[in-house]
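Asker: Have a look at this one.
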Amino acid sequence: MTLIFICLFQAVFSEELMHAIVYGNTEELGYYYTSIYVGSPPVRQTVIVDTGSHLTAFPCEGCQSCGTHMDNYFDYKASSTSREVSCDEGISCSTCQNNKCGYAQSYAEGSSLRGFLVEDLVSIGNTSDHSVRHIFGCHNRETNLFRTQKADGIMGLGYARSKVRSIIDVLYEKHEINTDMFGICFGKKDGYMSIGGYNSSLHNYPLEWVNMYDNNFYSIKATDILLNEQSLGLKESDFSHHYTSGTIIDSGTTFTYLGSVVYDRLWTEFEDYCRGQKNCLGDQVSVPRETHRCYKFDSSQMSLEEFYRSFPVISFKIEDLLVDWVPEYYLFAWPDHARSYCLGVYRNYRGNVLGGNFMRGMDVVIDRYANKIGFAPSDCDPRLLPAEKTTTNYTHEIHIEETQPALSVVWFVIGAVLLLVLLSILLYKKLSKGTNILREEVSEIESNSGI
């Protein structure tokens, strides 16, 4: 009976949390990607993890203007479950040829995609247990970085636009996950994603939350920057309001880009700090493509850890939370200048974009239902992941779960009723046993007394 109770408790109160290993780095690839499986039979496609867009897309068979990537172009006509999306399905098509809904998308660094929409079964990671029907793009034209990158395509994780939803939207709507939440943890190399929650056992410190301000981008409100706990004297208005609140989290952008006021103040104070004795060790060197000078690491003079420690911690103040960006993650070296470390921050004339290099070394959890973003320092080591499917390990946000109109509420009620039934049965058996013992004792007394 105890075993039945434990199994019932686990079935009622556990929720699946999916993990997907993420591959890549800032230095060599300039992005992080994961695997998805598409079609019947399922075929692998590698896609860049991008919180700054909403469309999942990759090259399809017949593309005459696509690059050479990790996998073969997807042949949707060979999938028994695929269909072309027509122009009369309520989606805003960029073109309509032979009733096929076309799309075109451009990205900030100048790359672009063009193709048509297809619907088929899609799953994240190395399992098809959670395959859902999902609309994605079939490229028939790629330009610039999309043409030369190793990954096949891109997986947009942003909010739905024009009825084209992200894989997170579909997984939640189809109840494959019970929580409209996902986390991204980029390491120095590789990392992992969590879908449907997060796993706090992989965090070095507890998760801390800030508000999210936009339904177009994952937008936060930065108010200041600190160098080794010393404020740069910035104020909220210095962070432009191009993205509603001025700053967005974008895993698909390699580096971090800051508006002119913030950028100039950071660089002035950073270089002033580096002029201090024993600060920013290493000779300053010029590196192609870099506006500012970089710092050459000499392994004969110091260890890499000593080199990192000589640089300041950059802390972004987001509302009242300080999110530390340590030198190990903001410094990077171009492959052709492997020992010259540069600060991966650049000027942006529009808003502030905290890119993939900012996200390294922390689990960034996006709670789309509660409009919150959480940050927790982590090694982001995919080797530490549990089995692909684990139970959610929540800490303080259980109140979010209680307010969500998800199936977990229904299961909670069913579980509570079953639990009451079990307890009633146990109590009845215990009382019955006690009554029988009492009757035996009375009979024994009557027999001994000759009654």
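The values are calculated or read from the model by the stated rules, or taken from the named source; none is laboratory data. A quick note: this is a predicted structure, and the numbers were derived from the prediction, not measured. Using ideal geometry, Cβ is built from the backbone for each residue, glycine included, and neighbour counts are taken over all protein chains shown.
Asker: Kindly check whether there is at least one residue in region 240-257 that is over 20 Å from V364 (Cβ atoms) and hydrophobic (A, V, I, L, M, F, W, C). So that I can check it myself, show each step before the final result.
Answerer: To start, the set of residues in region 240-257 that are over 20 Å from V364 (Cβ atoms) comprises 240-242.
Narrowing the set further to residues that are hydrophobic (A, V, I, L, M, F, W, C) leaves none.
So far as region 240-257 goes, no, none of its residues is over 20 Å from V364 (Cβ atoms) and hydrophobic (A, V, I, L, M, F, W, C).
Asker: Right, H54: in contact with a Pro (Cβ under 9 Å, 6 or more places away or on another chain), part of a loop (DSSP other than H, G, I, E, B) and under 30 Å from L354 (Cβ atoms) or not? Step through it out loud before you land on a result.
Answerer: Numbers: in contact with a Pro (Cβ under 9 Å, 6 or more places away or on another chain): no; part of a loop (DSSP other than H, G, I, E, B): yes; under 30 Å from L354 (Cβ atoms): yes.
For H54, the condition - in contact with a Pro (Cβ under 9 Å, 6 or more places away or on another chain), part of a loop (DSSP other than H, G, I, E, B) and under 30 Å from L354 (Cβ atoms) - is not met.
Asker: Hey, among the residues in region 115-143 that are touching a Phe, Trp or Tyr at 6+ places or on another chain (Cβ under 9 Å) and surrounded by fewer than 20 Cβ atoms within 10 Å (Cβ to Cβ), which one's nearest to V164 (Cα to Cα)? Even if it seems obvious, please write down each step before you answer.
Answerer: Here is the first cut: in region 115-143, the ones touching a Phe, Trp or Tyr at 6+ places or on another chain (Cβ under 9 Å) are 115-128, 131, 136-140.
In the following step, the residues that additionally are surrounded by fewer than 20 Cβ atoms within 10 Å (Cβ to Cβ) were identified as 119, 121, 126-128, 140.
Values: E119: 11, L121: 15, N126: 24, T127: 24, S128: 22, N140: 19 Å.
Step by step, filter region 115-143, then rank; the result is E119.
Asker: Taking region 222-251 as the search range and keeping residues that are of a type in the set (D, E, K, R) and over 19 Å from the mean Cα position of the chain (by Cα), which one is farthest from D180 (Cα to Cα)? Walk me through how you get there before you give the answer.
Answerer: Taking region 222-251 first, the residues of a type in the set (D, E, K, R) are 224, 229, 235-236, 238, 250.
Narrowing the set further to residues that are over 19 Å from the mean Cα position of the chain (by Cα) leaves 224, 229, 235-236, 238.
Details: D224: 30, E229: 34, K235: 32, E236: 29, D238: 32 Å.
Filtering first and then ranking leaves E229.
Asker: Somewhere in region 324-331, is a residue closer than 16 Å to E229 by Cβ, in contact with a helix residue (DSSP H, G or I) (Cβ under 9 Å, 6 or more places away or on another chain) and surrounded by 14 or more Cβ atoms within 10 Å (Cβ to Cβ)?
Answerer: Yes, some residue in region 324-331 is closer than 16 Å to E229 by Cβ, in contact with a helix residue (DSSP H, G or I) (Cβ under 9 Å, 6 or more places away or on another chain) and surrounded by 14 or more Cβ atoms within 10 Å (Cβ to Cβ).
Asker: Also, I was wondering about something else. Identify, by number, the condition in (1) modelled with pLDDT under 95; (2) more than 17 Å from I249 (Cα to Cα); (3) of a type outside the set (D, E, K, R); (4) in a loop (DSSP other than H, G, I, E, B) that Y213 doesn't meet.
Answerer: (2)
Asker: While we're on this one: If you go through region 79-90 one residue at a time, do you hit one that is touching a Pro at 6+ places or on another chain (Cβ under 9 Å), surrounded by fewer than 20 Cβ atoms within 10 Å (Cβ to Cβ) and assigned by TED's automatic domain parsing to the domain that holds E142? Steps first, please.
Answerer: Step one: list which residues in region 79-90 are touching a Pro at 6+ places or on another chain (Cβ under 9 Å), which gives 79-80.
Within this subset, residues satisfying the condition of being surrounded by fewer than 20 Cβ atoms within 10 Å (Cβ to Cβ) are 79-80.
Those left that are additionally assigned by TED's automatic domain parsing to the domain that holds E142: 79-80.
The answer is yes, given that some residue of region 79-90 is touching a Pro at 6+ places or on another chain (Cβ under 9 Å), surrounded by fewer than 20 Cβ atoms within 10 Å (Cβ to Cβ) and assigned by TED's automatic domain parsing to the domain that holds E142.
Asker: Given the structure, is K174 within 28 Å of S94 (Cα to Cα) and more than 17 Å from the chain's Cα centre (by Cα)? I'd like the intermediate steps shown before the answer.
Answerer: Numbers: within 28 Å of S94 (Cα to Cα): yes; more than 17 Å from the chain's Cα centre (by Cα): yes.
Yes: the conditions hold for K174.
Asker: Mind checking which residues of region 91-107 are surrounded by 14 or more Cβ atoms within 10 Å (Cβ to Cβ) and modelled with pLDDT under 90?
Answerer: Of everything in region 91-107, those that are surrounded by 14 or more Cβ atoms within 10 Å (Cβ to Cβ) and modelled with pLDDT under 90 turn out to be Q105, Y107.
A quick yes/no check of all residues on (1) outside any strand (DSSP E or B); (2) at pLDDT below 95:
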{"position": "R44", "(1), (2)": "no, no"}
{"position": "G67", "(1), (2)": "yes, yes"}
{"position": "D71", "(1), (2)": "yes, no"}
{"position": "K77", "(1), (2)": "yes, no"}
{"position": "E89", "(1), (2)": "yes, yes"}
{"position": "D120", "(1), (2)": "no, no"}
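Asker: Can you pull out the residues in region 63-83 that are over 19 Å from M155 (Cα atoms) and either without any contact (Cβ under 8 Å) to a residue 12 or more places away in the chain or in contact with a helix residue (DSSP H, G or I) (Cβ under 9 Å, 6 or more places away or on another chain) (or both)?
Answerer: Passing the criteria: S65, R83.
Asker: Determine, yes or no, whether S237 is among the small types (G, A, S) and modelled with pLDDT of 95 or more.
Answerer: On the way: among the small types (G, A, S): yes; modelled with pLDDT of 95 or more: no.
No: the conditions fail for S237.
Asker: Answer yes or no: is there a residue in region 217-233 that is under 30 Å from E89 (Cα atoms), outside any strand (DSSP E or B) and assigned by TED's automatic domain parsing to the domain that holds C280.
Answerer: Yes; the residues of region 217-233 include at least one that is under 30 Å from E89 (Cα atoms), outside any strand (DSSP E or B) and assigned by TED's automatic domain parsing to the domain that holds C280.
Asker: Given the criteria buried (at least 21 other Cβ atoms within 10 Å of the Cβ) and either polar (S, T, N, Q) or without any contact (Cβ under 8 Å) to a residue 40 or more places away in the chain (or both), does F316 qualify? Don't jump to the end; show me each part of the working.
Answerer: Details: buried (at least 21 other Cβ atoms within 10 Å of the Cβ): yes; either polar (S, T, N, Q) or without any contact (Cβ under 8 Å) to a residue 40 or more places away in the chain (or both): no.
Spelling it out, it is not the case that F316 is buried (at least 21 other Cβ atoms within 10 Å of the Cβ) and either polar (S, T, N, Q) or without any contact (Cβ under 8 Å) to a residue 40 or more places away in the chain (or both).
Asker: Can you find a residue that is aliphatic (A, V, I, L, M) and without any contact (Cβ under 8 Å) to a residue 12 or more places away in the chain anywhere in region 114-134?
Answerer: The answer is no; no qualifying residue exists.
Asker: Check region 247-266 and report whether any residue there is surrounded by fewer than 15 Cβ atoms within 10 Å (Cβ to Cβ) and closer than 17 Å to W325 by Cα.
Answerer: Within region 247-266 (the criterion being surrounded by fewer than 15 Cβ atoms within 10 Å (Cβ to Cβ) and closer than 17 Å to W325 by Cα), the answer is no, since none of the residues qualifies.
Asker: Just need a number here: residues in region 291-308 that are out of contact with any Lys or Arg (no Cβ under 9 Å at 6 or more places or on another chain), among the charged types (D, E, K, R) and loosely packed, with under 15 Cβ neighbours inside 10 Å.
Answerer: Qualifying residue count for the region: 2.
Asker: Identify, from the list F307, F358, F332, F311, the residue that is in the same structural domain as E236 (by TED's automatic domain parsing), in contact (Cβ under 8 Å) with a residue 12 or more places away in the chain, in a strand (DSSP E or B) and closer than 22 Å to S378 by Cα. Lay out the reasoning, then the answer.
Answerer: Numbers: F307 fails: in a strand (DSSP E or B); F358 fails: in a strand (DSSP E or B); F311 fails: in a strand (DSSP E or B).
Criteria check complete, one pass: F332.
Asker: If T244 satisfies all but one of (1) among the β-branched types (V, I, T); (2) without any contact (Cβ under 8 Å) to a residue 40 or more places away in the chain; (3) in a helix (DSSP H, G or I), what's the number of the condition it fails?
Answerer: Unmet condition: (3).
Asker: Within region 353-387, how many residues turn out to be at pLDDT below 95, closer than 12 Å to N199 by Cα and either out of contact with any His (no Cβ under 9 Å at 6 or more places or on another chain) or among the acidic types (D, E) (or both)?
Answerer: Result for region 353-387: 1.
Asker: I'm trying to understand the selection: among the residues of region 261-284, which are basic (K, R) and more than 16 Å from S231 (Cβ to Cβ)?
Answerer: The initial filter retains those residues of region 261-284 that are basic (K, R), namely 265, 275, 278.
Residues satisfying the conditions are R275, K278.
Asker: Looking at region 171-188 only, could you name the residues that are β-branched (V, I, T) and modelled with pLDDT of 95 or more?
Answerer: Kept after step one, since they are β-branched (V, I, T), are these residues of region 171-188: 177, 179, 184.
Scanning region 171-188 gives a single hit, I184.
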